[in-house]
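Just below is one structure, and these are the notes that go with it.
Taken together, the values in this text are just the output of simple stated rules run on the coordinates, not laboratory data. Remember, it's a predicted structure, so these values are computed and weren't measured experimentally. Cβ atoms come from the backbone with ideal geometry, glycine included; neighbour counts cover every protein chain shown.
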Number of protein chains: 2
Amino acid sequence: MDDFFSVLKRYKKLVDDHIFAKLPNSHFIPEIENLFEMINDYPRRSGKGLRPSILLIFCQAFGGKIESAINTAAALEIFQNWIVIHDDIEDGSELRRGQPALHVKYGMPLALNAGDALAGKMWELLNDNRDILGSELTLNIIDQFLNMYDKTTAGQHIELSWVQNKRWDLTRDDYFNMCKRKTSWYTCATPALTGAMIAGADEKYNDTITEFGIDLGIAFQIQDDVLNLAGKEEAYGKEIAGDLWEGKRTLITIDLMEKATSEQKEFLRATFDMERTAKKAEDINKIIDLIKEYESLESAIETSIELASKARSSFAGLDSSIDPTQRKVILELIDFMINRKF
Amino acid sequence: MDDFFSVLKRYKKLVDDHIFAKLPNSHFIPEIENLFEMINDYPRRSGKGLRPSILLIFCQAFGGKIESAINTAAALEIFQNWIVIHDDIEDGSELRRGQPALHVKYGMPLALNAGDALAGKMWELLNDNRDILGSELTLNIIDQFLNMYDKTTAGQHIELSWVQNKRWDLTRDDYFNMCKRKTSWYTCATPALTGAMIAGADEKYNDTITEFGIDLGIAFQIQDDVLNLAGKEEAYGKEIAGDLWEGKRTLITIDLMEKATSEQKEFLRATFDMERTAKKAEDINKIIDLIKEYESLESAIETSIELASKARSSFAGLDSSIDPTQRKVILELIDFMINRKF
């Protein structure tokens, strides 16, 4: 996995350099300078840079150049950054990448607006593609981002609705339906598709790339849910067991809810659906014990391994025209998605 | 003004028809159907349709056709709708167009996300221009929207910062600097510029149109602040004196703060910066009395009349190539902006 880390680091450096050359940072009106400070905040925290790297990897895999794709990769990284500003507000999250969430640091109203402002910078980057890729490809890429945007907000709505309506009558399929929208498109499918598109890849690959991306994206999210419970806070950068405190519907908690006795179910429902501040640490610990008892963590890990294996098969179905170096990198990527510790 | 109402109504009908043909409204996943219900909510409330009408009026004024501009006008109306979903959350507003704000109706997390989803629909509409206007003009219009987006979020940030930092050491110029960003671009300057651009107007008019739009936009906002104090709730659709309850920095409150004695200033600061729920009706009434005493309302009205007059001069500087019928409509528009009761 060390090899893949260094690949990721190299791509991330390129993307970051592009982002910080593009994001505004000074203004003669002090309040606007403060807004610029806010929109630079999350991008300056050390993320993995996974999504833009997938875009660049797929662009190179189909024979494209980094110079053509770097601006779109930067736009994708900006997407991730503004959407999590809003997510953190919606979920009442306290930490992001090891530091206080933006709304905790600056207050909700300014943070919400800064998320909007940063979203504007994403669209500006995409419009800048005009000089790099020409008008037609620029609009086609905007189309891909619109699809991703549409899917992500729909997935987020499903998840938030479950929390708001205290829904726990959920199946694994419900989870997959939510997760492929909320996570897979922007994490894998759109990066891979857009990278291939910039490289001028044949459209006949689109369905396979999409399937690959959907499966791998769900596998990635499950590993995120696993790390949330079993990871180390320094590496993971979010609060450990934060999902339990927030009452999040993950494959782990849905599995637990399915397996629990009716008495345990009652306890779980009551605890999960309490206001965060009303929850007690001992109840969270009791839930962690139940997760161990029912092996819900192990069951989730198994599912993520299966999905990664499906993604590997899809990828094998892609034509041999793929660059061999990048083929190796993509296989490492698949492993990384389910084995990562951060 | 009755003539202008009927013009506005006619345009609004065309824009609404286009919007509701484009916004999605049914989905096999119930949660997503609920999201669609939410993004249709504000657009279905009876707004004035002022901004898209200005776009259509300017398009026709420069010889363009409604069919070419209707899709962009709809995107502009969608901009207004999603941005106020977020504004209402940021400001803690309770009413919008006479009904509970979206976050009051559905809860903050779902409303924030629905605002994002609706913003996506705006960009989708703009991308649809490709088939109507061709790729180049489509991207040029996106550029105009990006400028508007950038200005609006910056203006909103300035205003929110004032509230958060309890700033009252503000001048009229501070207000104009905030207001031209927060209101003028999306209310007047961008609609007029974009309408002219779709009509293929000569770029030499751009600076004059921009100046016209900036001045008229500030005049519009001042009239909004006036109506917030002196309007009728049924017509205005927002809570009367809501600005005072929210502690908003308007030309009226800034003027009052400048004119008040130091003892009164102390009372005003303390009251304005209190949490909304901690404020008392008698204190709000006392502030209303002070506004009367210092004639801050009258002073604001005077400023809006001056700005409208400046806008009229700018408009007179536009070439005689403007369609005479539309010239008359634009002069009526200017009057409407400062005399409207809703």
Q. To two decimal places, what compactness ratio does the protein assembly as shown give when its Cα radius of gyration is scaled by 2.2 N^0.38 Å?
A. 1.00
Q.
Let me confirm one metric for peptide B:77-90, namely the mean number of other chain beta-carbon atoms within 10 Å of its residues' beta-carbons.
A. 2
**Q.** Farthest toward positive dipole pole in the stretch A:2-339 [+1 Lys/Arg, -1 Asp/Glu at C-beta], among A:THR277, A:TYR294, A:LEU216
**A.** A:LEU216
Q) Arranged from highest to lowest average of other beta-carbon atoms within 10 Å per residue, in what order do the peptides A:325-331, A:144-150 appear? A) A:144-150, A:325-331
Q. Cβ under 10 Å from A:ASP150's Cβ, A:ASP150 left aside: what net charge do those residues give with Lys, Arg +1 and Asp, Glu -1?
A. +2
Q: Could you state the orientation-averaged shadow area of the convex hull built on the Cα atoms of the stretch A:2-339, in nm² to one decimal?
A: 16.9
**Q.** Helical contribution to [θ] at 222 nm, DSSP H n ≥ 4, -39,500 (n - 2.57), averaged over chain B, rounded to 500
**A.** -24500 deg cm²/dmol
Q. Taking the simple approach of a point 7 Å from Cα along Cα-to-Cβ for both A:ASP17 and B:ARG44, what is their distance in nm?
A. 5.2
Q.
Students often check this: by mean Cβ neighbours within 10 Å, which of A:284-291, B:80-87, A:30-37 ranks highest, and how do the rest follow?
A. B:80-87, A:30-37, A:284-291
**Q.** Number of partner chain Cβ atoms within 10 Å, mean per residue of B:144-152
**A.** 3
Q) Given a Förster radius of 35 Å and the C-beta distance between A:ASP273 and A:ALA230 as r, what FRET efficiency does 1/(1 + (r/R0)^6) yield to the nearest 0.05? A) 0.90
**Q.** Per-residue mean of C-beta atoms belonging to partner chains within 10 Å, peptide B:131-141
**A.** 2
**Q.** Formal net charge of residues neighbouring B:PHE36 (Cβ-Cβ distance under 13 Å; K, R +1; D, E -1)
**A.** -2
Q: Just add up the charged neighbours of A:ILE66: K/R +1, D/E -1, any other residue whose Cβ is under 15 Å from the Cβ of A:ILE66.
A: 0
Q. Between A:HIS27 and B:ILE288, what FRET efficiency follows from the Cβ-Cβ distance if R0 is 41 Å, with the result rounded to 0.05?
A. 0.70
Q.
Please report the spacing between the Cα centers of the stretch B:211-230 and the stretch A:165-188 in Å, no decimals.
A. 45
Q: Counting only C-alpha contacts under 8 Å and six or more residues apart, can you give the relative contact order of chain A as a whole percent?
A: 21
Q. Can you list the aspartates and glutamates whose alpha carbon is less than 12 Å from that of B:LYS328, not counting same-chain residues fewer than 8 positions off?
A. B:ASP3
Q: Once you've got the Cα coordinates, tell me which of B:LYS121/B:LYS151; B:LYS182/B:LYS265; A:LYS9/A:LYS248; B:LYS48/B:LYS292; B:LYS9/B:LYS182; A:LYS232/A:LYS286 are over 22 Å apart.
A: B:LYS182/B:LYS265; A:LYS9/A:LYS248; B:LYS48/B:LYS292; B:LYS9/B:LYS182
Q: For A:ARG167 paired with A:LYS280, estimate the spin-label separation in nm (one decimal), with each label point 7 Å from Cα along the Cα-to-Cβ line.
A: 3.1
Q: Please work out the C-alpha center-to-center distance from the stretch A:18-94 to the stretch A:121-138 and express it in whole Å.
A: 16
(Q) If R₀ is 56 angstrom, what is the calculated FRET efficiency for the pair A:LYS328 and B:LYS65, using the beta carbon separation as r and rounding to 0.05? (A) 0.50
